[in-house]
Number of protein chains: 2
Amino acid sequence: MSRCLISQEEVQSFIERCMTGVGTKPHHARSLAEVLVEGDHRGHYSHGLNRMDMYVKDIQTGICEKHGEPAVEKESAATALVDGRNLLGPVVGNFCMELAVKKARDVGVGWVVAHGSNHYGIAGYYAMQALKENMIGMSFTNTSPLVVPTRGKECTLGTNPISVAAPAADGDSLVLDMATSAVAIGKVELYERRGDPIPEGWGCDARGQLTTEPGRVLGGGGLVPLGGSEATGGYKGFGLGMMVEVFCGILAGAQYSKNIRTWKETSRVADLGQCFVAINPENFAPGFSERLSDLLRIQRGLNPANPDIPVLVAGDPERMHMKMCEEMGGIPYHMNVVNYMNQCAQKVGVSTLLPCDRLISN
Amino acid sequence: MSRCLISQEEVQSFIERCMTGVGTKPHHARSLAEVLVEGDHRGHYSHGLNRMDMYVKDIQTGICEKHGEPAVEKESAATALVDGRNLLGPVVGNFCMELAVKKARDVGVGWVVAHGSNHYGIAGYYAMQALKENMIGMSFTNTSPLVVPTRGKECTLGTNPISVAAPAADGDSLVLDMATSAVAIGKVELYERRGDPIPEGWGCDARGQLTTEPGRVLGGGGLVPLGGSEATGGYKGFGLGMMVEVFCGILAGAQYSKNIRTWKETSRVADLGQCFVAINPENFAPGFSERLSDLLRIQRGLNPANPDIPVLVAGDPERMHMKMCEEMGGIPYHMNVVNYMNQCAQKVGVSTLLPCDRLISN
């Protein structure tokens, strides 16, 4: 399968023109494009350009709002409740995270929760906004039901991600960005397309039994929480998914649990709940970033079990992907993604991605 | 193995007199006893009376401080940094959680971090303090290194627990209280004593390979993070353990990672870092506890995969244990624990547990 290299700038402006082409306000389109490009740049292709058509359709059908801005409904020195007004997720996310950082600058912590939001791309994008201010950032979102609780056989929770970013010295950082399921649904789909069995502990069948057949997970079963079976701690992943739901749907008064529309359903608004937190280390013990650098150094410096596979901390795999992009001079995309997105652009009536003459072979 | 029933009040006063017998201030002894009794009452015997001798020794040897009270070092409307002054963990924990709740009452969230602390019992005890005020509570602590990072073969993180408690309607609640390792070390020790193999995904040997032999985990290996192997998401549990370390040792300026003294080492002070958070739902969307009750109802009401094993939410297993204690009229203890603790009491020179004439058979 051939791939081609496209610069971040090109992808950014391509997404912007597709989104403005269907009536999105330019600065909303810019916010969305930035999150999606960052997703691809960090190697999370399932949350990048690959999903642009979903956002285009959301605006085209009016299921997602193009007009207005998010609004603060209730506020204290350290907290805010925000009405996302059914705008694009990244518009809501940026608004809330900026507010959380502002509050953390004033009183050490900002805890901002939004209802009326939509898919916001990678959770880590918002947590990482805090790094620029030398703060710890966190971001959580509820999502469409795909996860089967421990002992159950029905999906009643989303993959409800947790993201935490913390600033170390010299621009280094810890960036945790994880679903509270063992894996993402896209990974199961990939194994199914390849015809490979999945490892035990990723998903269950319609009877709630762990299975290694991806088709059974996708056809009536579901993902299982981080930890896998009850014996190996799956109930903890279930508990973490519930924690995220408490911070999102329950605290915000948004949709929650199995009331959230199913994945790719577009007949009703999403009304997702999201939570954004900033914590200012300056309000605690001096020397935070130096200690964090030391903590990262301890882990990265460990003798690995396999000498060829180094110990990585959260954020390192993404760092390696970004470095690869920088060395190659662009983000590598599969041609079929590029072709599909160019068809979207043609339907919208805007110019396609710049000529993909920089082909690379796998 | 015979067991006997002892009332909570008896255990409470027993622990208090053992602790005051070695010079602990009465209200510090009371705080410790309350946490330990609650550990047993909730069925977490590894964090209850069973550990009393450790606290007695900590005071006897002077490794833990008997005099003074915790002190606020730095404060804002929403945050505080506390010096635990090497006092008993529950003394530090209660001080910090009370402060966090007070701040959440004023500005919606309180984020309090302590250095100079010690083992504080079950993390959930502190998180649950917030329930009385109809708030969400959280508590985190770092602990002695027992967990091997994904891809590594050396213990550089503790089991670093996460606890979150959230108030539902009519006294119901969600209470998550989980180590970020797949299991606690005590569970591996139990399997070793029984001569049983452990499930794959609990621990690794000295070469960093997953093993089902408990002896290899305890002899040079270690626990693995929640998620087990890298393929089943162990790196996520590792990331969560790092998150807890950031909130505790790194934010507080306490010991962290492999610098923390090893488990049961008592030649130097622990200087643990701990983090306590309270969030006031009244600062967000109205109707929090009703929505949470509905979320719990959805999960508990699921058709279970096995009709005999109902779906439980975080906190339900503990609720069942407490109900059992209430029905039996006391907390059941193994006689060997009672006998061992009575020996401790005799050494300290205080009266033993009241006569254990209420024997029960297993």
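The values are calculated or read from the model by the stated rules, or taken from the named source; none is laboratory data. Not measured: the values here are computed from a predicted model. When we count neighbours, we look across all protein chains shown, and the Cβ atoms used for this are built from the backbone with ideal geometry, even at glycine. Only protein heavy atoms, including side chains, enter the accessible area calculation; ligands, DNA and RNA are left aside. Shrake-Rupley method; radii C 1.70, N 1.55, O 1.52, S 1.80 Å.
For the range A:138-154, the Karplus equation 6.51 cos²θ - 1.76 cosθ + 1.60, evaluated at θ = phi - 60°, returns couplings of 9, 8, 9, 9, 8, 8, 4, x, 9, 10, 9, x, 3, 6, x, 8, 9 Hz by residue, with Gly and Pro reported as x. Candidate cross-link partners of B:Lys264 among the aspartates and glutamates, defined by an alpha-carbon separation under 14 Å and a same-chain spacing of 8 or more, comprise B:Asp53, B:Asp58.
Within 10 Å of the Cβ of each residue in B:256-264, the mean number of Cβ atoms contributed by other protein chains is 2.
Residue ranges B:54-67, B:93-106 sort as B:93-106, B:54-67 when ordered by packing (mean number of other C-beta atoms within 10 Å per residue, highest first). Rounded to the nearest 0.05, the FRET efficiency derived from the C-beta distance between B:Arg297 and B:Glu213 at R0 = 51 Å is 0.75. Quick check on the range B:42-138: take the gyration tensor over C-alpha atoms, sort the square-rooted eigenvalues as a ≥ b ≥ c, and tell me if it's rounded (a/c under 1.5), prolate or oblate. It comes out oblate by the Cα gyration axes. Amide H contacts under 5 Å for B:Ser7: B:Ile331, restricted to partners 5 or more places along the chain or on a different chain, H placed in the peptide plane at 1.01 Å from N.
Take the alpha carbon gyration tensor of chain A, find the square roots of its eigenvalues, order them as a ≥ b ≥ c, and report rounded if a/c is under 1.5; if not, report prolate when a/b exceeds b/c, else oblate. It comes out rounded by the Cα gyration axes.
At a 1.4 Å probe, which residues in the range A:55-90 are at least 40 Å² less accessible with all protein chains present than in their chain isolated? Those are A:Lys74, A:Thr79, which lose 40 Å² or more relative to the chain on its own.
Taking packing as the residue-averaged number of other Cβ atoms within 10 angstrom, the listed peptides B:75-83, A:250-258 run from highest to lowest as A:250-258, B:75-83. Atom-type composition of the exposed protein surface of the protein assembly as shown places 50 percent of the accessible area on carbon and sulfur (1.4 angstrom probe). About its Cα centre, the range A:205-362 has a charge dipole of approximately 420 debye under the convention of +1 per Lys or Arg Cβ and -1 per Asp or Glu Cβ, with nothing else charged. The simple spin-label model puts a point 7 Å past each Cα toward its Cβ; for A:Glu133 and B:Arg268 those points are separated by 3.7 nm. Taking only the Cα atoms of the range A:308-355, the radius of gyration and Dmax are 16.0, 49 Å.
Label-point distances for B:Thr262 to the equivalent site in the other copies, using a point 7 angstrom along Cα→C-beta, read 5.5 nm when ranked shortest first.
The eigenvalues of the Cα gyration tensor, multiplied by 5 and square-rooted, give the protein assembly as shown an equivalent ellipsoid with semi-axes of 44, 27, 25 Å from largest to smallest. When only alpha carbons are used to place a centre, the range B:217-265 and the range B:315-341 end up 30 Å from one another.
In plain terms, if you count all Cα to Cα distances in the range B:197-272 and split them into 10 Å steps from zero, the share in each step is 19, 36, 35, 9 percent. Amide H contacts of B:Ser229 (H built 1.01 Å from N, in plane; Pro and chain starts excluded): B:Gly234 sit under 5 Å, all sequence-distant by 5 or more or on other chains.
Protection proxy ranking, highest mean first, for peptides A:294-304, B:324-334: A:294-304, B:324-334, where packing is the per-residue count of other beta-carbon atoms within 10 Å, averaged. Accessible area per residue for chain B is 37 Å², calculated with a 1.4 Å probe on protein heavy atoms, without ligands, DNA or RNA. The rotation axis that maps chain A onto chain B passes nearest to the beta carbon of this chain A residue, listed with its distance in whole angstrom: A:Ala78, 2.
Along the range A:46-63 the Karplus relation, 6.51 cos²θ - 1.76 cosθ + 1.60 evaluated at θ = phi - 60°, assigns HN-Hα couplings of 5, 10, x, 3, 3, 9, 4, 4, 4, 5, 4, 5, 4, 6, 4, 7, x, 5 Hz to successive residues, with x for each Gly and Pro. Taken residue by residue and averaged, Cβ atoms of other chains lying within 10 Å of the Cβ of A:112-124 number 1. Applied to the range A:230-243, the Karplus parametrisation 6.51 cos²θ - 1.76 cosθ + 1.60 on θ = phi - 60° returns per-residue 3J(HN,Hα) values of 4, 5, 9, x, x, 5, 6, x, 4, x, 5, x, 5, 4 Hz, with x for Gly and Pro. Rounded, prolate or oblate: which fits the range A:283-335 when a ≥ b ≥ c are the square roots of the eigenvalues of the alpha-carbon gyration tensor, with rounded for a/c under 1.5 and prolate only if a/b beats b/c? Oblate is the answer for the range A:283-335, as a/c is 1.5 or above yet b/c matches or exceeds a/b.
Of B:Lys66/B:Lys102; A:Lys236/B:Lys347; B:Lys66/B:Lys258, which sit over 30 Å apart, Cα to Cα? With Cα atoms farther than 30 Å apart: A:Lys236/B:Lys347.
Based solely on its DSSP helices, what 222 nm [θ] is calculated for chain A when runs of n ≥ 4 H residues each add -39,500 (n - 2.57) and the sum is averaged over all residues, nearest 500 deg cm²/dmol? Helix contribution divided over all residues of chain A: -11500 deg cm²/dmol.
A label point on B:Lys102, set 7 Å along the Cα-to-Cβ line, lies at 3.0 nm from each of its counterparts in the other copies, closest listed first. The other copies place their A:Val348 label points at 7.0 nm from this one, listed shortest first, where each point is 7 Å from Cα along Cα→Cβ. A cut-off of 5 Å between modelled amide H atoms, ignoring neighbours fewer than 5 places along the same chain, links B:Gly201 with B:Thr211.
Remark: mean inter-chain Cβ contacts per residue of B:179-186 equal 2, using a 10 Å Cβ-Cβ cutoff to other protein chain atoms.
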